[in-house]
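The values are calculated or read from the model by the stated rules, or taken from the named source; none is laboratory data. Note that the structure is a prediction, hence the values are computed from the model and not measured. For neighbour counting, all protein chains shown are included, and Cβ atoms are generated from backbone atoms with ideal geometry for every residue, glycine included.
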């Protein structure tokens, strides 16, 4: 296992309420077969994919890329008059 710098990368999360937030990656962890982003979560170093609400990794330059909940419709419902 080796730890690699993750300067500038973040992990994107969505809460149950639909709010999006980002956590900066502390490092990348290479276990020989896969690479995982590591974040500080509740005072401990954790794999980002194991933190509730994880969606994907991103670079901060992707600020205008929306994070969408996967269990919501892709279009708003039309109001019936």
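When the range 12-35 is examined, which residues are found to be in contact with a strand residue (DSSP E or B) (Cβ under 8 Å, 6 or more places away or on another chain) and assigned to a loop (DSSP other than H, G, I, E, B)? Of everything in the range 12-35, those that are in contact with a strand residue (DSSP E or B) (Cβ under 8 Å, 6 or more places away or on another chain) and assigned to a loop (DSSP other than H, G, I, E, B) turn out to be 15, 25, 26.
Scanning the range 13-38 for residues that are out of contact with any helix residue (DSSP H, G or I) (no Cβ under 9 Å at 6 or more places or on another chain) and closer than 12 Å to residue 54 by Cβ, we see that the one that is surrounded by the most Cβ atoms within 10 Å (Cβ to Cβ) is 14.
Answer with yes or no whether residue 67 is surrounded by 15 or more Cβ atoms within 10 Å (Cβ to Cβ) and at pLDDT below 90. Here the answer is yes, as residue 67 does meet what is asked.
Of the residues making up the range 36-57, those that are part of a strand (DSSP E or B) and either at pLDDT below 90 or more than 16 Å from residue 7 (Cβ to Cβ) (or both) are 36, 41, 44, 45, 46, 47, 54, 55, 56.
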